[in-house]
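Step one of this worksheet: look at the structure below.
Each value in this text was obtained by applying a stated rule to the coordinates, not by laboratory testing. As the structure is a computational prediction, the values presented were derived from the model and not from experiment. Using ideal geometry, Cβ is built from the backbone for each residue, glycine included, and neighbour counts are taken over all protein chains shown.
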Amino acid sequence: MHQTSDTNSAQKVCRILRVLSTPQPLRLADICAGADLNKATTLRLLDTLINEGFVRRDPVSKRYVLGDEALVLGVAMQGRDHIRDRARPALVRLAALSGDTVLLSTRHGLESVCVDREFGSFPIRANYLDLGSRRPLGAGAGSLALLAWLPDDEVETVLNLLAPVLKKRYPRITRELLKTEIALARERGYAMLLDVVVDQMGGMGVPILGGDGKPIGAISIAALTGRISTRISLLAPALKKAGQELSAHYAQREAA
């Protein structure tokens, strides 16, 4: 986790772009709050980003979204050994096996971000499963998998920093609950949350470990609680196999 600065303009721009990397158009107030910047600074930087093509402001709704230049940056990432490309076959297989929505998430600071998704024949379609959607670590099966496999001291730091966010946005997700679920996830090899983030909905997730043994991503299945709880013996082995195969790739690449 990096330190934020009150004077580094480049860092402020990065914070604004990070806040805007979400499917929903955002109000100025949303951007100010998410980037932790005052209104005047945010407006000044947004004007520059608009002029450079990285941000667009809808003339009717007055809300902001990423512009075409941001898309060009994303296109430039294609062709590299990106986790999204590497994990895509596993997402397709798991969606076909389960019939549910399968997600790929990566960690960005204290959040997990949905970077890919595959629908099965019985999918959940909810805005919090959209590409680019963000959640605090621990608020969902995939983000819990990203948290659970961090070193213990880093887990403690994350839990301390996220405590006020979780209390405000996810009152059911307490520190005690996360500590219990982290221990269970490590014991059984997958994370699971049922009826915690949303009633009658849940998920299972596994980490994708990098060469250093720390999670660089997570694959998760999101479904109705009944579809998860009655099919653990089917879903868990398939998820674990996918996570282990992807982790082995990154371990081998690191050793090469």
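Would you work out if the chain is rounded, prolate or oblate? Take a ≥ b ≥ c from the square roots of the eigenvalues of the alpha-carbon gyration tensor; rounded if a/c is under 1.5, else prolate when a/b is larger than b/c, oblate otherwise. The partial results should precede the final answer.
Working: a/c = 1.62, a/b = 1.52, b/c = 1.06.
Prolate is the answer for the chain, as a/c is 1.5 or above and a/b outweighs b/c.
Give me the distance in nm between label points sitting 7 Å out from Cα along the Cα-to-Cβ direction at Ser21 and His249, one decimal.
A separation of 2.0 nm, rounded to one decimal place.
Just to be sure I understand the model, the point goes 7 Å from the Cα along the line to the Cβ. What's the resulting Asn38 to Ala163 distance in nm?
For the pair Asn38/Ala163, the computed spacing is 3.0 nm.
Enumerate the calculated ³J(HN,Hα) couplings along region 197-202 in order (Karplus 6.51 cos²θ - 1.76 cosθ + 1.60, θ = phi - 60°), each rounded to whole Hz, writing x wherever the residue is Gly or Pro.
Using θ = phi - 60°, the values come out as 7, 9, 4, 6, 9, x Hz.
Can you tell me the equivalent ellipsoid semi-axes for region 119-247? Use √(5λ) from the Cα gyration tensor, largest first, whole Å.
Output for region 119-247: semi-axes of 21, 19, 13 Å.
Give me the tail of P(r) for region 60-195 as a percent: Cα-Cα pairs with distance above 24 Å. Let's see the in-between values first.
Working: 3554 of 9180 pairs.
In whole percent, the share of Cα-Cα pairs in region 60-195 beyond 24 Å is 39.
For the chain, modelled as a GNM with alpha-carbon contacts under 10 angstrom, which of Leu137, Leu246, Leu49 fluctuates the most?
Leu49
Nearest 500 deg cm²/dmol is fine: what mean residue ellipticity at 222 nm does the chain get from its DSSP H runs of n ≥ 4 alone, each adding -39,500 (n - 2.57), divided by its residue count?
Working: 10 runs with 127 residues, N = 256.
Estimated from H runs of four or more residues: -15500 deg cm²/dmol.
Assign unit charges at the C-beta atoms only (+1 for Lys and Arg, -1 for Asp and Glu), then state the dipole size of the chain relative to its Cα centre in Debye, rounded to the nearest 20. Before the final figure, lay out the partial values.
On the way: 34 positive and 27 negative charges, 100 e Å.
About 480 debye.
Please determine, in degrees from 0 to 90 and to the nearest 10, the orientation of helix 83-98 with respect to the longest principal axis defined by the Cα atoms of the chain, where the helix direction is its Cα long axis.
It is inclined by approximately 50 degrees.
Please list 3J(HN,Hα) in residue order for region 34-42, calculated via the Karplus relation 6.51 cos²θ - 1.76 cosθ + 1.60 where θ = phi - 60°; whole Hz, with x for glycine and proline.
x, 8, 6, 10, 6, 4, 5, 5, 4
Hand me the trypsin sites (Lys or Arg not before Pro) from region 151-218 located in a DSSP loop with no more than 13 other Cβ atoms within 10 Å, in residue order please. Don't skip to the answer; put the middle values down first.
On the way: sites: Lys167, Lys168, Arg169, Arg172, Arg175, Lys179, Arg186, Arg188; in loops: Arg172.
Here the trypsin sites (Lys or Arg not before Pro) that fit, given the DSSP loop and packing criteria, are Arg172.
Note down the relative contact order for the chain as a percent, whole number, built from C-alpha pairs under 8 angstrom at least six residues apart. Before the final figure, lay out each step's value.
Values: 423 pairs, mean separation 36.7, N = 256.
Relative contact order of the chain: 14 percent.
Can you work out the Karplus-derived ³J(HN,Hα) for every residue in region 153-159? Use 6.51 cos²θ - 1.76 cosθ + 1.60 with θ = phi - 60°, whole Hz, and x for glycine or proline.
Result, ordered by residue: 5, 6, 4, 4, 5, 4, 4 Hz.
Set Lys and Arg Cβ to +1 and Asp and Glu Cβ to -1, take the dipole of region 79-255 about its Cα centre, and tell me which of His82, Leu194, Leu147 lies farthest positive.
Of the options given, the answer is Leu194.
Near Ser61, within a Cβ-to-Cβ distance under 14 Å, what is the net charge of the other residues, with Lys and Arg +1 and Asp and Glu -1? Present the calculation step by step, with values, prior to reporting the outcome.
On the way: positive: Arg27, Arg56, Arg57, Lys62, Arg63; negative: Asp30, Asp58.
So the environment of Ser61 carries a net charge of +3.
Quick one: Ser21, Ser98, fewest Cβ neighbours within 10 Å first, how do they rank? Walk me through the intermediate numbers first.
Values: Ser21 16, Ser98 24.
Placing the least packed residue first, the sequence is Ser21, Ser98.
Most exposed first by the Cβ proxy, i.e. fewest other Cβ within 10 Å, how do Ile219, Ile124, Ile16, Ile232 rank? If you can, show how the numbers build up before the last one.
Values: Ile219 28, Ile124 18, Ile16 25, Ile232 13.
Fewest-to-most ranking of Ile219, Ile124, Ile16, Ile232: Ile232, Ile124, Ile16, Ile219.
Name the shape class, rounded, prolate or oblate, that the alpha-carbon gyration tensor gives for region 9-74, where a ≥ b ≥ c are the square roots of its eigenvalues, rounded holds for a/c under 1.5, and otherwise prolate holds if a/b is larger than b/c and oblate otherwise. Write out the running numbers ahead of the final one.
Working: a/c = 1.40, a/b = 1.13, b/c = 1.24.
Rounded is the answer for region 9-74, as its axis ratio a/c remains below 1.5.
Run the numbers on region 9-74 and let me know its relative contact order in percent, using alpha-carbon pairs under 8 Å that are six or more apart.
30
Quick one: which residues, 5 or more positions from Thr101 or on another chain, have an amide H under 5 Å from its amide H? H modelled 1.01 Å from N in the peptide plane, none for Pro or chain starts.
Gly120, Ile124, Ala222
Which residue fluctuates the most in the chain, going by a Gaussian network model with Cα springs under 10 Å, if the choices are Pro23, Pro136, Pro215?
Result: Pro23 has the largest fluctuation of those listed.
Check the straight Cα-Cα distances from Lys168 and name the lysines below 20 Å, setting aside those fewer than 8 residues away within the same chain.
Lys179
Tell me which residues come under 5 Å, amide H to amide H, from Ser112 once H is placed; ignore anything under 5 positions away on its chain.
Under 5 Å from the amide H of Ser112 lie the amide H atoms of Arg135, Leu137, each far enough along the sequence or on another chain.
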